[in-house]
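The values are calculated or read from the model by the stated rules, or taken from the named source; none is laboratory data. Quantities reported herein were computed from a predicted structural model and do not represent experimental measurements. FYI the Cβ positions are ideal-geometry reconstructions off the backbone, even for glycines, and counts take in every protein chain you see. With ligands, DNA and RNA removed, areas are computed over all heavy atoms of the protein, side chains included. Shrake-Rupley method; radii C 1.70, N 1.55, O 1.52, S 1.80 Å.
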Amino acid sequence: MVTGVARPGRVVVLVVGGVAAAAALLTAHLAVGRLPLPPDDVWAALTGSPTSAFHRVLVVDLRLPRALVGLGAGALLALSGAVLQAVTRNPLAEPGLVGVTTGAALGVVASLAVAAGTGLSPAPTVAALLGGLAAGAATWLVAGRHRSAPGRLVLVGALVAALCTALTSLLLLGRRDSLGSVLRWLVGSLNARTWDDWAALWPWLLAGVPVGLLSAGLVNLLQLDDPLVTSLGRPADRTRLLVLGLAVALAAAAVSATGAVAFVGLLAPHVARRLVGADARALLPVAAVLGAVLLSAADLVAYSTTVSLPGAASQVTGLPVGAVTAVVGGPVLLALLRRSRR
Amino acid sequence: MTAPPPPPAAVPTAHGVVAGYGRRRVLDGVDLVPEPGRLTCLVGPNGSGKSTLLQTLGRVVPTRGGRVVLDGRDIADWPGPQVARRVALLTQDPQGPGGLRVRELVEQGRHPWVGAFGALRRHDDEAMADAMTAAGVDHLADRRLDELSGGERQRAWIALALAQDTPTLLLDEPTTFLDVAHQLELLRLVRRRCDERGTTVVVVLHDLNQAARFADRVVALHRGAVVADGTPEQVLTPGLLREVFHVEAVVVPDPVTGRPMFVPTGDRRDDA
């Protein structure tokens, strides 16, 4: 047997099945919403045949970019989470736990404060990206020399995340008026995503996903402890930094488009590992596809659900997708952990 | 299968090596030139510097003074993968994810040959299969690490080191988690690697009688320095046991091999 991946057929089936599911979700996104459209109208709007201009705007300018951003960000978050879990040698690692998502939110809030003070207004997506990268870097630096000990990075990451959250809250105290516009970064939302958001995201997908998948060999190696990695010919610390930096960049890119969506980066790799095992060559592609499906499905639920929130005057539609992933993801993860061996 | 052993390849050698962690100096000017194709055993009390010496030979711990030389060059000047193709090091209590399968673990041993982005070729598969058979884990190839017993897991790690297919093998207390039958099996396997393939082996062992039985040469370390170096008969003497290990013992010939065997004294129990 010349291939190293155990049960390669299963990986192919899962990836192809996942891509098919993603395509189905994409279609559903175009049709479902406050104004449901029959497939004929969706098709007409897409192909540009003479149709109502309103349908065209609805499908092509509102629903399509939102659906694409959801799929792309889900894949990036899951890929990042899968890489992080392997490299930190901690199955509970995820973009949020190394500070990236909260850092992104802080970046946006800080940029608003800067904008108010100076009149400069950096784009929120750029601020989110910078905030996420900065928080990831801070986690790496503070973790210091013992960063490869399992748990160390995640522990420091949790502290950095808490600090980011505290700073965000402080900044928001003085700017209650902007709370509404900031909320989408805090909770994670795909509402009102446009082609601009997709334009900022697709280069990351194009570059990040192949690089992420190609790094599977290194990711496998980094699951071992540092002396072993070194004795197998790789400088452990530098290699860990390289691959971790990749994971942070992927997560920061995703979060800059969606805000701090919870659980996708944790849950998708977990499920993928149960399906195909710990070998990164199988795990990474399956996790990425699962992440895309997960976030997209959650968003479908989010914007087609109407809920009565306690204290709200009217019913709320268009929930932020982060609320759905948190509400659903928490219990699912608990169930998975209870069923796991350890 | 009577192919002659390949010519002895370059072996990492230590010359006046000083090494340590933080402020602690663990090795204080150690020389060690393992003989190619022979089995050298490092013995010494806990904290005497055995593991550190092994790790400087494997380029995992950098030297602070002196040199480790591989094939005429300072080992620090070699590219990492080139060292890893020549020297395999199995550390004490290695850590890997429980969800990894034995085959996937052993495959990491091919990393120095395959690289980060390469694909396994037939030759790599053969090296892996060979390593798993030699370590006695071929029937466990598709099992997860966390499903294995301590002994099986240790043999999986040995298979990882063997899969590197290096002329030099450095093993740090490889028998620690094994029962006595598996200890002997593993040491016999290591002995065979020496005799049949001409592999140079440096192994840290705590069991002095096993060291005496399997080693061509025994090197005793004490407080970061070599205090005795020679054949088992030359090194494992009552005087050394007293000075280095603080154990009073008599040394008698092993009734099976004739090698020295030490028996501690002072614990005689009165017959009931």
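Within region B:55-88, the set of residues being open to solvent by 40 Å² or more (accessible area, probe 1.4 Å) and within 12 Å of A:PRO227 (Cα to Cα) comprises B:ARG59, B:PRO62. Here region B:71-91 is the region considered, the condition is being more than 28 Å from A:ALA280 (Cα to Cα) and touching a strand residue (DSSP E or B) at 6+ places or on another chain (Cβ under 7 Å), and the residue that is farthest from the other protein chains (Cβ to nearest Cβ) is B:ASP74.
Do we find a residue being without any contact (Cβ under 8 Å) to a residue 24 or more places away in the chain, among the aliphatic types (A, V, I, L, M) and more than 23 Å from A:ASP225 (Cα to Cα) anywhere in region B:40-51? No: region B:40-51 contains no residue that is without any contact (Cβ under 8 Å) to a residue 24 or more places away in the chain, among the aliphatic types (A, V, I, L, M) and more than 23 Å from A:ASP225 (Cα to Cα).
Got at least one residue in region B:146-154 being within 12 Å of chain A (Cβ to nearest Cβ) and out of contact with any helix residue (DSSP H, G or I) (no Cβ under 8 Å at 6 or more places or on another chain)? So far as region B:146-154 goes, yes, one or more of its residues are within 12 Å of chain A (Cβ to nearest Cβ) and out of contact with any helix residue (DSSP H, G or I) (no Cβ under 8 Å at 6 or more places or on another chain). Residues in region A:272-285 that are in a helix (DSSP H, G or I) and either farther than 30 Å from A:ARG193 by Cα or out of contact with any helix residue (DSSP H, G or I) (no Cβ under 6 Å at 6 or more places or on another chain) (or both): A:ARG273, A:ARG274, A:LEU275, A:VAL276, A:ALA280, A:ARG281, A:ALA282.
All of B:GLY109, B:GLY118, B:GLY150 fail the test of being farther than 29 Å from B:ASP195 by Cα and either in contact with a strand residue (DSSP E or B) (Cβ under 7 Å, 6 or more places away or on another chain) or small (Gly, Ala, Ser) (or both), apart from B:GLY118.
Does A:TRP202 fit the bill of being outside any loop (DSSP other than H, G, I, E, B), hydrophobic (A, V, I, L, M, F, W, C) and surrounded by fewer than 17 Cβ atoms within 10 Å (Cβ to Cβ)?
Criteria met by A:TRP202.
For A:GLY99, indicate whether it is at positive phi and in contact with a Gly (Cβ under 7 Å, 6 or more places away or on another chain). Considered against the rule, which asks whether it is at positive phi and in contact with a Gly (Cβ under 7 Å, 6 or more places away or on another chain), A:GLY99 comes out as yes.
Being over 22 Å from A:PRO227 (Cα atoms) and touching a residue at least 24 places away in the same chain (Cβ under 8 Å) is the filter here; which residues of region B:145-177 pass it? Give the steps one after another, and end with the answer.
So the first thing to find is which residues in region B:145-177 are over 22 Å from A:PRO227 (Cα atoms), and the list is B:147-149.
Across region B:145-177, the qualifying residue is only B:LEU148.
Within region B:130-144, the set of residues being facing chain A (nearest Cβ under 10 Å) and in a loop (DSSP other than H, G, I, E, B) comprises B:ALA141, B:ASP142. Among helices (runs of 4 or more DSSP H) entirely within region B:165-264, having at least 1 residues that are open to solvent by 60 Å² or more (accessible area, probe 1.4 Å) and acidic (Asp, Glu) singles out B:180-197, B:232-235, B:238-245. Scanning region A:44-58 turns up no residue that is within 14 Å of chain B (Cβ to nearest Cβ), more than 21 Å from A:THR258 (Cβ to Cβ) and not in a loop (DSSP other than H, G, I, E, B). The set of residues in region B:89-115 that are surrounded by fewer than 18 Cβ atoms within 10 Å (Cβ to Cβ) and either closer than 16 Å to B:PRO167 by Cβ or more than 19 Å from the chain's Cα centre (by Cα) (or both) comprises B:GLY98, B:GLY115. Just one of (1) of a type in the set (Ser, Thr, Tyr); (2) open to solvent by 10 Å² or more (accessible area, probe 1.4 Å); (3) modelled with pLDDT of 80 or more trips up A:THR88, so point out which. The number of the failed condition is (2). For region B:92-107, a residue qualifies if it is touching a Leu at 6+ places or on another chain (Cβ under 6 Å) and facing chain A (nearest Cβ under 7 Å), and the qualifying residues are B:PRO94, B:GLY96, B:LEU100. Taken together, A:LEU206, A:LEU244 contain a single residue that is free of Cβ contacts under 8 Å to residues at least 40 places away in the same chain and out of contact with any Lys or Arg (no Cβ under 6 Å at 6 or more places or on another chain), which is A:LEU206. Checked against (1) at pLDDT 90 or above; (2) touching a Leu at 6+ places or on another chain (Cβ under 6 Å), A:ALA298 passes all but condition (2). For region A:109-143, residues that are of a type in the set (Val, Ile, Thr), open to solvent by less than 30 Å² (accessible area, probe 1.4 Å) and within 17 Å of A:PRO95 (Cα to Cα) total 1. Here B:PRO79 passes the criteria (1) under 30 Å from A:GLN85 (Cβ atoms); (2) touching a residue at least 24 places away in the same chain (Cβ under 8 Å) except the one numbered (2).
When B:ALA127 is tested against (1) away from chain A (no Cβ under 13 Å); (2) assigned to a helix (DSSP H, G or I), only condition (1) is not met.
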